[in-house]
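Only the coordinates and a few stated rules stand behind these numbers; no lab work does. Keep in mind that what you see is a predicted model, and the values were worked out from it rather than measured. Note that each Cβ is placed from the backbone with ideal geometry, even for glycine, and that neighbours are counted across all protein chains shown.
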Amino acid sequence: MRLIDAARCPYCARVRVALAEKGLEYETVEIDLSNRPAWVYELNPVGRVPILDDSFVLPESEVIMEYLEERYPEQALLPADPHARARARLLVHRFDDLLGRDYYAFRRGDENALAERLEALEVGQSLFADIAFVPWVVRARDLLKVRLPEQLARWLAALEQRPSVAAEVATVRAL
Ligand SMILES: N[C@@H](CCC(=O)N[C@@H](CS)C(=O)NCC(=O)O)C(=O)O
């Protein structure tokens, strides 16, 4: 398995953490996001990473997470209960509304509601959704120097005990 990756990309981080949780071995092909090689467009016409190559080529972090969960069900990231599974998928599907849009607005210095979004974030219900959101929460804390709400800080501190997330925190600190 190969992951076309960029250390600073939080969408790639979703996949790195999911792969680590599942204990899957893979080769990393690190690309320079500010000077993307032409072959990236051959694999993904929109030129974005992550791209997973597991005998077939798959872009889009949310879809890659779903694929990994189905293809490698050991160390499940989704809960067993169908309602809880649907809820986890819904949260990830609504990532832009729940966090992404305001995170990037904050980063650009535009008007934003990042503080309110972080306060309202539904976390701790499934590893699947937690993995999909944690890359931005880590970057908000460690790169954007945002003070996290108490309950989110507690959630992150617990999640950081997992080697998969600790590795991502180390990656962010090295950026
Ligand atoms: N919806 C995509 C978004 C991926 C994405 O935006 N990746 C960024 C790096 S963090 C990228 O490749 N940006 C290049 C571009 O937008 O042209 C996913 O979930 O994988």
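Quick notes
- Assigned charges on the beta-carbon of Lys, Arg, Asp, Glu; segment 1-99 dipole about Cα centre (debye): 280 debye
- Its DSSP H runs of at least 4 residues, each contributing -39,500 (n - 2.57), put the calculated 222 nm mean residue ellipticity of the chain at -16000 deg cm²/dmol, to the nearest 500.
- Calculated FRET value between A113 and E30, using beta carbons and R₀ = 45 Å, to 0.05: 0.85
- Here the chain is treated with +1 on each Lys and Arg Cβ and -1 on each Asp and Glu Cβ, and its dipole about the Cα centre works out to around 460 debye.
- DSSP finds beta bridges in the chain, and of those with both partners inside it, around 60 percent are antiparallel.
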